[in-house]
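S.K.: Below is a structure I'd like to ask you about.
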Amino acid sequence: MTTMQQWQMATLGEGALTLATAEVPAPGPGEVLVRVKAVSLNYRDALMIDTGMGLPVAFPFVPGSDMAGEVVAVGEDVTRVAVGERVINTFWDRWIDGEQAPAGLRIFGGTLQGVLREYAVFDEAALVRAPSTLDDVAASTLTCAGLTAWFALFGTGRKLRPEETVLSIGTGGVALFGAQLALAHGAKAIVVSGSEAKLARAAALGVTHGVLRQGGWSEAVRRLTQDRGVEQVLELAGGDMRESMAALAAGGKVSVIGTLGGDTLQLPVYSMLLKRAHVQGIGVGHRQGLETLVSSIDRHGIVPVVDAVYEFADFGQALAHLRRGAFGKVVVRVSSASGPVA
């Protein structure tokens, strides 16, 4: 193959998206050519398409940050992966380890070209072997949503312990990954949602408790925890965080991840001080964390929640699904996805 298809845009705005033909890139020294099998969508992909999120976008721009695929060629001196191996990519290009990301990092589908294409070249440092227990569709969800939840719970700050409780705000990809990881590691999981139907679906996944998001919902959380509160909150809404703080246990941790409630947080200062609360921002995570997550997925048999899968030509429909809200993840199948290898 010398040419491929990719979704690209010559300017910002969904109306500028076109399915175009491009040359298949060749890997240079230290680089790897991957045949992309599946791309998992994140809400930030819609924001990038609409506004560029203030980043220096290079046109024509290919969106999408999370993929699973197969190595089809490697450049000189590549040692991390081999032809034929199934891989997923990191979100940041050079964050290998450590709680603090190094300066100058770049993002796939942001300051770097994205993955909504049939073939993509990566530096070998930006790739991790895919879980042996997941197919490509499921594996593609780990890059951003899966790692964000893992990093919030285990990768930075106060680490989750067995018998503690995690509170997830919402039922999107990060929220459900947080619940699944908590349950797999011996903790309890509470999900808060404004939809009774989504709470029923969360219960079917084995979530410990579901709480309807309405005025004073933190009181229900306190009752369910014998008035102790929860040790960790995955805050996916942002904005007014008074209910989340009221649900938090003394010494607990709030990981701020989403901004659906606006780009300004409202925190009750006395509650924060008296509880000695830890509030941290989460920007996905590092490669070592992604490798640890892959091992955890295989060890515990965690199956990511995928709400719908769309074909490559139907990316517009997938984007519409993403915008109206999904239970878990929305995935685009780029080419025939392979199954687990073990």
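The values are calculated or read from the model by the stated rules, or taken from the named source; none is laboratory data. None of the values given here were measured: they were computed from a predicted structure. As a convention, Cβ positions derive from the backbone with ideal geometry for all residues, glycine included, and neighbour counts pool all protein chains shown.
S.K.: Within region 35-137, which strands (runs of 3 or more DSSP E) (wholly inside it) include 2 or more residues that are surrounded by 17 or more Cβ atoms within 10 Å (Cβ to Cβ) and among the aromatic types (Phe, Trp, Tyr)?
M.R.: 119-123
S.K.: Also: Given the criteria assigned to a strand (DSSP E or B) and modelled with pLDDT of 95 or more, does Ser255 qualify?
M.R.: For Ser255, the condition - assigned to a strand (DSSP E or B) and modelled with pLDDT of 95 or more - is met.
S.K.: Please indicate, with yes or no, whether at least one residue in region 90-101 is assigned by TED's automatic domain parsing to the domain that holds Leu33, closer than 27 Å to Leu12 by Cα and modelled with pLDDT under 95.
M.R.: Yes.
S.K.: Now for a separate question. Take the residues in region 283-301 that are surrounded by fewer than 21 Cβ atoms within 10 Å (Cβ to Cβ) and in a loop (DSSP other than H, G, I, E, B); name whichever of them is modelled with the highest pLDDT.
M.R.: Across region 283-301, the extreme among qualifying residues is Gly301.
S.K.: Return yes or no: is Tyr310 more than 19 Å from the chain's Cα centre (by Cα) and outside any loop (DSSP other than H, G, I, E, B)?
M.R.: When the stated conditions are applied, Tyr310 does not pass them.
S.K.: Now a separate question. Filter region 170-210 down to the residues that are in a loop (DSSP other than H, G, I, E, B), small (Gly, Ala, Ser) and under 21 Å from Arg299 (Cα atoms) and list them by number.
M.R.: Hits for region 170-210 are Gly186, Ala187, Gly206.
S.K.: Is it the case that region 148-168 has a residue that's among the acidic types (Asp, Glu) and in a helix (DSSP H, G or I)?
M.R.: Taking every residue of region 148-168 in turn, none turns out to be among the acidic types (Asp, Glu) and in a helix (DSSP H, G or I).
S.K.: Please specify each residue of region 211-252 satisfying the condition of being closer than 22 Å to Ser195 by Cα, charged (D, E, K, R) and not in a helix (DSSP H, G or I).
M.R.: Hits for region 211-252 are Arg213, Glu235, Asp240.
S.K.: Among Val269, Val221, Val254, Val230, which is the only one that is farther than 15 Å from Gly170 by Cα and crowded, with 20+ Cβ neighbours inside 10 Å?
M.R.: Val230
S.K.: Only one of these is within 22 Å of the chain's Cα centre (by Cα) and under 15 Å from Gly157 (Cβ atoms): Gly285, Gly258. Name it.
M.R.: Every option except Gly285 fails the conditions.
S.K.: List pairs: first in region 10-27 and in the same structural domain as Gly316 (by TED's automatic domain parsing), second among the acidic types (Asp, Glu) and not in a strand (DSSP E or B), Cβ under 6 Å, 6+ apart or cross-chain?
M.R.: none
S.K.: What is the residue count in region 27-42 for residues that are under 26 Å from Val305 (Cβ atoms) and either at pLDDT below 95 or of a type in the set (Val, Ile, Thr) (or both)?
M.R.: 3
S.K.: Of these, Gly30, Gly52, Gly75, Gly64, which one is touching a residue at least 12 places away in the same chain (Cβ under 8 Å), of a type outside the set (Phe, Trp, Tyr), touching a helix residue (DSSP H, G or I) at 6+ places or on another chain (Cβ under 7 Å) and more than 21 Å from Thr141 (Cβ to Cβ)?
M.R.: Step by step, each of Gly30, Gly52, Gly75, Gly64 is checked, and only Gly30 is touching a residue at least 12 places away in the same chain (Cβ under 8 Å), of a type outside the set (Phe, Trp, Tyr), touching a helix residue (DSSP H, G or I) at 6+ places or on another chain (Cβ under 7 Å) and more than 21 Å from Thr141 (Cβ to Cβ).
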